[in-house]
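Beneath this line is the structure, given in structure tokens, with notes to follow.
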């Protein structure tokens with residue numbers, strides 16, 4: 001699987017998980033994460049997805065959206081959703 005397809009798949013999975021978190025099955029571990037932050041993450045993941053689908057990637061140094069940093073600073077360390085989002089952002093950043 002090429003890096004764009006891999007990143008697109010990871011971003012889609014992270015978006016699906018975040019949507020579930022925000023609607024049907026919230027994780028009690030993430031109760032302290034503000035809804036506004038989750039909504040902002042959703043918008044950024046959607047932006048990443050749209051860019052990947054369009055094929056018009058920004059320069060590599062312009063791809064970091066700060067999701068991983070925010071998760072590392074304020075989310076529980078054992079958050080599966082946090083891990084999914086970090087993997088998606090990393091895959092997006094590392095596309096060559």
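Here's the yes/no breakdown for (1) under 11 Å from the mean Cα position of the chain (by Cα); (2) modelled with pLDDT of 95 or more; (3) within 15 Å of residue 4 (Cβ to Cβ):
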site: 49; (1), (2), (3): yes, yes, yes
site: 56; (1), (2), (3): no, no, yes
site: 60; (1), (2), (3): no, no, yes
site: 65; (1), (2), (3): yes, no, no
site: 75; (1), (2), (3): no, yes, no
site: 80; (1), (2), (3): no, yes, no
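Can you say whether residue 7 is part of a helix (DSSP H, G or I) and surrounded by 16 or more Cβ atoms within 10 Å (Cβ to Cβ), as far as the supplied structure shows?
In short, yes.
For the range 78-92, state whether one or more residues are exposed (fewer than 12 other Cβ atoms within 10 Å of the Cβ), in a helix (DSSP H, G or I) and free of Cβ contacts under 8 Å to residues at least 60 places away in the same chain.
no
Filter the range 16-29 for residues that are part of a helix (DSSP H, G or I) and either surrounded by fewer than 19 Cβ atoms within 10 Å (Cβ to Cβ) or free of Cβ contacts under 8 Å to residues at least 40 places away in the same chain (or both) and give the result.
16, 19, 20, 22, 23, 28, 29
Scan the range 51-68 and tell me whether some residue there is exposed (fewer than 13 other Cβ atoms within 10 Å of the Cβ), touching a residue at least 40 places away in the same chain (Cβ under 8 Å) and in contact with a helix residue (DSSP H, G or I) (Cβ under 8 Å, 6 or more places away or on another chain).
Within the range 51-68, one or more residues are exposed (fewer than 13 other Cβ atoms within 10 Å of the Cβ), touching a residue at least 40 places away in the same chain (Cβ under 8 Å) and in contact with a helix residue (DSSP H, G or I) (Cβ under 8 Å, 6 or more places away or on another chain).
The values are calculated or read from the model by the stated rules, or taken from the named source; none is laboratory data. What you are looking at is a predicted structure, and each value in this text was computed from that prediction instead of being measured. Neighbour counts run over all protein chains shown; Cβ positions are idealised from the backbone, glycine included.
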